[in-house]
Amino acid sequence: MSEISQVIGSEGAQDFEREPVPAHMRKQWLSMALVWIAIGIDLSAMFLGAELGNGMNLADSLTATIIGSFILGLIGALCAYVGAKTGLSTAMISRFLFGNVGARIVSVVLGIFSLGWFGVQAGFFASNMQTAFHKLWGIDLSLGVLSFIGGVLMMSTAIWGYRSIERLSVWSVPLLIIFIGVAIVMAFKTKGTSAIWEPISAAPIPMGTAISLVIGIFIVGTVLSPDIARWARTPMHAVTAAFIGFFIGNSFMTVIAIFLSRLMDTDDLTNIFISLGLGLPAIIVLTLAQWTTNTNNLYSASLGFSVVFRRIPKKWITVIAGLFATSLAVFGIYDKFLSFLNVITMFVSPIGGVYTAEYLLVDRKKFTFEAIDRNPKWIIRSLLVWVAATLFAYMTTAAPDGFGLFQLTRVPALDAFVFAFIVQWIFGKIVSKKGTHHE
């Protein structure tokens, strides 16, 4: 069956949000890697790179970016493997871990996080577009209007599911790379190569902090990677795509922004593009970078809510959720959501540790879709690990969002993932041995 007939055929409109993706609909690694690269190319990564370039010398900032992105790639590959093997979304996988009722709580948390982040990113997009329009053409547009336009734009592809996101990514990634490449070449021509070796002008950033910032910006995305990986033709396709996507996608924009900020001696990327005479490309880069990333946030939110609201078609869930998240951005609530999102990240990260440990090291046989409705309502063991890992993350999170009792990896979300993985493995093995003994 050809790719086109798959898309326009009877199955083409389906997104398989509550069942495994059929084998004949699965994708090769390259198109999936482009999706993850597109998700990784966002304004957050660009502004982080500018911050690192301003606060570290070139070698240190590049080292921090590569180490952090490599760790993200490994975690993403691990999570993607489970998604490809089961063919299910993160929210559906949670039914094997937490029970059919317990999974609804997890799905709501996943949905709220993704929805909140969609609102924040739409507001972030609006703020940068407002600056660009004002400096380029002297046009003052309200943040509310720009937030609405951005939210609706990003919602449009999420409504039609993975294949729409894939098509957007396939043509937007090369375009982004071309525009950003032009900016780098022009910056080098304008400032020369010596500028990148200049001493830093801002407060220095320690290496550990820099690595933690690189990991922290995208670790929740790795936990949600089954949402994309379920479309992989084989587990190896998923692992390859996820590692390349998270490693390159996360590091590419950060590295580019490091060079741009050091060449232009500022961390204001919008101004960098405009000062290089790249006004229109700046608008296109800002739009595409946020569009490809934020559409995936809404996509993950709709997959989470689809497990809870089983009778409502996913398309309508996406529309309602998208309009709600857009309204948050329009009314400026995204500013107040930042602390909330830091908090809820601690709830999301352990879920990845729980399902990867259970599948890889405890009992993968129970991950059978045909028996999913026979799962117990609650699986207390995994719920306890999830709660414990979340509390552990709060202990390693600095005040005011956490208790700040001690530090482990300097990335509370990574702490939560590692803690959940180890405890789920140990706890699961103990319970399995007891069950075998009683039999």
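The values are calculated or read from the model by the stated rules, or taken from the named source; none is laboratory data. Note that the structure is predicted; figures quoted are calculated from it, not measured. Reconstructed Cβ throughout: ideal geometry from the backbone, glycine too, with neighbour counts over all protein chains shown.
Which one of these does R410 not meet: (1) among the charged types (D, E, K, R); (2) on the phi > 0 side of the Ramachandran plot; (3) assigned to a helix (DSSP H, G or I)?
(3)
Looking at F273, F246, F259, which one is under 25 Å from F113 (Cα atoms), of a type in the set (A, V, I, L, M, F, W, C) and assigned to a helix (DSSP H, G or I)?
Of the residues listed, the single one that is under 25 Å from F113 (Cα atoms), of a type in the set (A, V, I, L, M, F, W, C) and assigned to a helix (DSSP H, G or I) is F246.
Here is a list of conditions, (1) modelled with pLDDT of 90 or more; (2) assigned to a helix (DSSP H, G or I), and N128 meets all of them except one; can you say which number that is?
Here N128 meets the rest and fails (1).
Taking the options L72, L88, L97, name whichever one is more than 22 Å from V423 (Cα to Cα) and either modelled with pLDDT of 95 or more or buried (at least 20 other Cβ atoms within 10 Å of the Cβ) (or both).
On the way: L72 fails: more than 22 Å from V423 (Cα to Cα); L97 fails: more than 22 Å from V423 (Cα to Cα).
Answer to the selection: L88.
Would a scan of region 328-347 turn up a residue that is touching a helix residue (DSSP H, G or I) at 6+ places or on another chain (Cβ under 9 Å), part of a helix (DSSP H, G or I), over 25 Å from N294 (Cβ atoms) and β-branched (V, I, T)?
No, there is no match, as no residue in region 328-347 is touching a helix residue (DSSP H, G or I) at 6+ places or on another chain (Cβ under 9 Å), part of a helix (DSSP H, G or I), over 25 Å from N294 (Cβ atoms) and β-branched (V, I, T).
For region 231-247, which positions are in contact with a Ser or Thr (Cβ under 6 Å, 6 or more places away or on another chain) and closer than 16 Å to S89 by Cα?
A242 - this is the single residue of region 231-247 that is in contact with a Ser or Thr (Cβ under 6 Å, 6 or more places away or on another chain) and closer than 16 Å to S89 by Cα.
Looking at S169, S212, S201, S147, can you tell me which residue is surrounded by fewer than 17 Cβ atoms within 10 Å (Cβ to Cβ) and of a type in the set (S, T, N, Q)?
Numbers: S169 fails: surrounded by fewer than 17 Cβ atoms within 10 Å (Cβ to Cβ); S212 fails: surrounded by fewer than 17 Cβ atoms within 10 Å (Cβ to Cβ); S147 fails: surrounded by fewer than 17 Cβ atoms within 10 Å (Cβ to Cβ).
Every option except S201 fails the conditions.
Pairs needed: first member in region 364-393, touching a residue at least 12 places away in the same chain (Cβ under 8 Å); second member anywhere, of a type in the set (S, T, N, Q) and part of a loop (DSSP other than H, G, I, E, B); C-beta distance under 7 Å; at least 6 residues apart or different chains.
Cβ pairs passing all conditions: N375/N100; K377/N100.
Collect the residues in region 277-300 that are outside any helix (DSSP H, G or I) and either buried (at least 22 other Cβ atoms within 10 Å of the Cβ) or without any contact (Cβ under 8 Å) to a residue 60 or more places away in the chain (or both), keeping them in residue-number order. Before the answer, list the steps.
Taking region 277-300 as the starting set, the residues that turn out to be outside any helix (DSSP H, G or I) are 277-278.
Those that are outside any helix (DSSP H, G or I) and either buried (at least 22 other Cβ atoms within 10 Å of the Cβ) or without any contact (Cβ under 8 Å) to a residue 60 or more places away in the chain (or both): none in region 277-300.
Go through region 21-41 and give me each residue that's touching a Gly at 6+ places or on another chain (Cβ under 9 Å) and under 19 Å from N296 (Cα atoms).
Those that are touching a Gly at 6+ places or on another chain (Cβ under 9 Å) and under 19 Å from N296 (Cα atoms): V21, R26, M32, A33, L34, V35, W36, I37, A38, I39, G40, I41.
Only residues that are touching a Gly at 6+ places or on another chain (Cβ under 9 Å), in a helix (DSSP H, G or I) and of a type in the set (S, T, N, Q): list them for region 357-399, please.
S382, T396 - these are the residues of region 357-399 that are touching a Gly at 6+ places or on another chain (Cβ under 9 Å), in a helix (DSSP H, G or I) and of a type in the set (S, T, N, Q).
For I312, which of the numbered conditions (1) without any contact (Cβ under 8 Å) to a residue 40 or more places away in the chain; (2) part of a helix (DSSP H, G or I) fails to hold?
Status for I312: all satisfied but (2).
Among the candidates S107, S31, S44, single out the residue that is closer than 28 Å to L323 by Cβ, touching a Ser or Thr at 6+ places or on another chain (Cβ under 9 Å) and either modelled with pLDDT under 90 or surrounded by fewer than 24 Cβ atoms within 10 Å (Cβ to Cβ) (or both).
S44
Which of the numbered conditions does S339 fail, given that it passes all the others? Conditions: (1) surrounded by fewer than 19 Cβ atoms within 10 Å (Cβ to Cβ); (2) more than 26 Å from W137 (Cβ to Cβ); (3) over 19 Å from the mean Cα position of the chain (by Cα).
(3)
Do the conditions hold for Y299, that is, is it within 19 Å of the chain's Cα centre (by Cα) and modelled with pLDDT of 90 or more?
Criteria met by Y299.
Of all residues in region 94-123, which are of a type outside the set (V, I, T) and not in a helix (DSSP H, G or I)?
So in region 94-123, the residues of a type outside the set (V, I, T) come out as 94-100, 102-104, 107, 110-111, 113-119, 121-123.
G99, N100, listed by residue number.
Six or more apart or on different chains, Cβ atoms under 6 Å: show the pairs whose first residue is in region 104-120 and touching a residue at least 24 places away in the same chain (Cβ under 8 Å) and whose second is in a helix (DSSP H, G or I) and polar (S, T, N, Q).
Listed pairs, sorted by first residue: V106/S94; S114/N297; S114/S300; W117/N297; F118/N294; F118/N297.
Return a yes/no flag: does region 37-45 have any residue that is assigned to a helix (DSSP H, G or I), more than 15 Å from the chain's Cα centre (by Cα) and closer than 30 Å to V170 by Cβ. Walk me through it before giving the result.
Quick first cut of region 37-45, residues assigned to a helix (DSSP H, G or I) only: 37-40, 43-45.
Narrowing further to those that are more than 15 Å from the chain's Cα centre (by Cα): none.
For region 37-45, residues assigned to a helix (DSSP H, G or I), more than 15 Å from the chain's Cα centre (by Cα) and closer than 30 Å to V170 by Cβ: absent.
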